[in-house]
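K.L.:
Take a look at the following structure, please.
The values are calculated or read from the model by the stated rules, or taken from the named source; none is laboratory data. In this text, all values refer to a predicted model and were calculated from it rather than measured experimentally. Cβ placement follows ideal geometry from the backbone for every residue including glycine, while neighbour counts extend to all protein chains displayed.
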Amino acid sequence: MFGVHMMLVMMAMIPLAAGNPTAMLTPIVWVSFAQTAVVVAIWLKSKDKKT
């Protein structure tokens, strides 16, 4: 909600850029896909054009 999760992204991207990917990047990617799926589901199911 406040963008604090971006610290986790940074902590995962630094080793990735150095050539040492960590397993911490995997849950970040799945959460991204889940949030996108929720937005698409709301968009498809919403009857209110304002939403």
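K.L.:
Taking the stretch 41-51 as the search range and keeping residues that are surrounded by fewer than 10 Cβ atoms within 10 Å (Cβ to Cβ) and hydrophobic (A, V, I, L, M, F, W, C), which one is nearest to the chain's Cα centre (by Cα)? Even if it seems obvious, please write down each step before you answer.
P.N.:
Filtering the stretch 41-51 for residues surrounded by fewer than 10 Cβ atoms within 10 Å (Cβ to Cβ) gives 43-45, 47-51.
Adding the requirement that they be hydrophobic (A, V, I, L, M, F, W, C) leaves 43-44.
Working: W43: 18, L44: 20 Å.
In this case the residue turns out to be W43.
K.L.:
Taking only the stretch 1-28 into account, find how many residues are among the small types (G, A, S), surrounded by fewer than 13 Cβ atoms within 10 Å (Cβ to Cβ) and on the phi < 0 side of the Ramachandran plot.
P.N.:
Step one: of the stretch 1-28, the residues among the small types (G, A, S) are 3, 12, 17-19, 23.
If we keep only those that are surrounded by fewer than 13 Cβ atoms within 10 Å (Cβ to Cβ) as well, we get 3, 17-19, 23.
Checking the rest, the ones that are also on the phi < 0 side of the Ramachandran plot come to 17-18, 23.
Going through the stretch 1-28 one residue at a time, the tally reaches 3.
K.L.:
Please work out which residue is modelled with the highest pLDDT, limiting yourself to the stretch 17-51 and to residues that are aromatic (F, W, Y) and either outside any helix (DSSP H, G or I) or closer than 22 Å to H5 by Cα (or both).
P.N.:
First pass over the stretch 17-51, keeping only residues aromatic (F, W, Y): 30, 33, 43.
Filter again for either outside any helix (DSSP H, G or I) or closer than 22 Å to H5 by Cα (or both), leaving 30, 33.
On the way: W30: 84, F33: 87.
Result: F33.
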